[in-house]
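To start, the structure under review is shown below, and the notes come after it.
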Amino acid sequence: MESQKLSFSRHHSYEIFLGSEILPELVGKLSRMGFHRRTLVVTNDVVAKWYLEPLTAELKKRNFEVQSIILPSGEAEKNLQNANRIYSQMIAFDIDRGSPLITLGGGVIGDLGGFVASTFKRGIPYIQFPTTLMAMVDASVGGKVAVNLPEGKNLVGSFYQPWLVGMDLSTLKTLPLAQLAYGLVECVKHAVLADPPYFKFIMKSRSEIKNKDIGVLQRLVRRSIHIKKAIVEEDEFEKGKRALLNMGNTFGHALEVLGEYRRFHHGEAVGLGILFALGMAKELGILKEDYSEAINEFLNDFDLPRKMGKEFHPNDIFEAMLRDKKRNQEEIRLVLPVALGQAEIKAVPASELKELLNAVIMNLY
Ligand SMILES: NC(=O)c1ccc[n+]([C@@H]2O[C@H](COP(=O)([O-])OP(=O)(O)OC[C@H]3O[C@@H](n4cnc5c(N)ncnc54)[C@H](O)[C@@H]3O)[C@@H](O)[C@H]2O)c1
């Protein structure tokens, strides 16, 4: 089992453990952290079927009293109603400030459970056991926790670092290929932001990735954590550099909201968002190296959408982008690619965005 340590100045540091078939070791680490012996596991119906019983059994072996809450699967469940359900169960189970909350699942469960942990009794420890590639390479690194509102994605949330993250790569064996591809989009995003050799590695390892070669997946997860860790340690609260990680998100979130979180998965929306960012950078004349062909080929190879569909009207996209968080007064801050491995944050006035949007999204119909 390998690990990477994340250190933040204001709070604490924590370790991310990574390996295959490592559940007993992970629970061993957790049990030595001095928590109270009562814990609630937050998971969903799909993940529970495979992984809840083994986790519960390991926890009980280590003298934990365990309860679980099993939510339905899907982005639409990342909401305040489910946060309330979890709060109620924690009160009924008498969870105190020394008891850890454990999330077992993808980014939806991690974001929701983390949000609850950050607010319950002004914050209790939380442990993340991510089970999707998306959650391993992105959602469980850096402490952004949130729930969605009908008006927008992740509109209620906070920065709250976990106490420990345990990534058992063997859980990816049951992950559908489409879900693996959504996580891979985030790996591609890390690569195009910061690491051209990593981009080449992903492109040449596509068949091993599809075959879920654990060695290759471990290299991806290790590399992406490393890139994201370097950024979030420097800028925990997204005052500057961390915003680079939002490449494709403002546009992607707009599509997710307009599709009521059902039409596009987050990974699909970010893939389209990267194409959008490339188009926008070209339109603004800042793109020195156009790698949209490679992105299109990658999306096609993994059956990810390269077009968004006619039902998304430019005006609606514009309004939804304005409602997203990355907005400051009448400007929107967009992360735009300059070359492979290089991107910049550009503030675009809302009025200008409206015009540019019309031109750029034509290529996405
Ligand atoms: N906090 C952050 O920094 C951050 C970063 C990126 C994404 N996110 C959030 O993460 C969410 C997307 O995460 P996701 O892609 O993991 O989606 P998800 O949590 O919905 O999981 C995807 C699907 O895979 C299923 N699943 C999970 N693990 C499985 C396994 N091992 N085997 C079989 N099926 C499994 C789930 O039930 C679900 O149906 C979005 O809400 C997004 O906003 C957060």
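Some points to look at:
- Failed item, numbered, when GLY183 is tested on (1) more than 26 Å from TYR14 (Cβ to Cβ); (2) within 11 Å of the ligand (Cβ to nearest atom): (1)
- LEU272 vs. criteria among the hydrophobic types (A, V, I, L, M, F, W, C) and at pLDDT below 95: no
- Taken together, GLY157, GLY143, GLY166 contain a single residue that is near the ligand (Cβ under 10 Å from one of its atoms), in contact with a strand residue (DSSP E or B) (Cβ under 8 Å, 6 or more places away or on another chain) and under 20 Å from LEU30 (Cβ atoms), which is GLY143.
- Only one of the listed residues (LEU30, LEU55, LEU71) is closer than 30 Å to GLY259 by Cα and either in contact with a strand residue (DSSP E or B) (Cβ under 7 Å, 6 or more places away or on another chain) or modelled with pLDDT under 95 (or both). That residue is LEU71.
- Residue match in segment 203-223 (condition: of a type outside the set (Asp, Glu), crowded, with 22+ Cβ neighbours inside 10 Å and within 10 Å of the ligand (Cβ to nearest atom)): no
- All positions within segment 316-341 that are part of a strand (DSSP E or B) and closer than 28 Å to ALA146 by Cα: ARG327, ASN328, GLU331, ILE332, ARG333, LEU334, VAL335, LEU336, PRO337
- From ILE332, ILE295, ILE286, residue being within 27 Å of PRO196 (Cβ to Cβ) and in contact with a strand residue (DSSP E or B) (Cβ under 9 Å, 6 or more places away or on another chain): ILE286
- Condition check for PHE237: more than 10 Å from the ligand (Cβ to nearest atom), of a type in the set (Phe, Trp, Tyr) and in a helix (DSSP H, G or I): no
- Residue selected from segment 114-138 under the condition within 19 Å of ILE69 (Cβ to Cβ) and aliphatic (A, V, I, L, M), by the criterion farthest from the ligand (Cβ to nearest atom): ILE124
- Lone qualifier among ILE91, ILE95 - being among the β-branched types (Val, Ile, Thr), surrounded by fewer than 23 Cβ atoms within 10 Å (Cβ to Cβ) and away from the ligand (no atom under 16 Å from the Cβ): ILE91
- Candidates are the residues of segment 98-113 that are part of a loop (DSSP other than H, G, I, E, B) and under 16 Å from ILE69 (Cβ atoms); the one that is farthest from the ligand (Cβ to nearest atom) is SER99.
- Tally, over segment 2-59, of residues that are over 28 Å from ILE227 (Cβ atoms) and in a helix (DSSP H, G or I): 17
- Checklist (1) within 14 Å of GLY183 (Cα to Cα); (2) in contact with a strand residue (DSSP E or B) (Cβ under 6 Å, 6 or more places away or on another chain) applied to GLU256, failing item: (1)
The values are calculated or read from the model by the stated rules, or taken from the named source; none is laboratory data. Keep in mind it's a predicted model, so treat the numbers as computed, not measured. Virtual Cβ from ideal backbone geometry, glycine too; neighbours counted across all protein chains shown.
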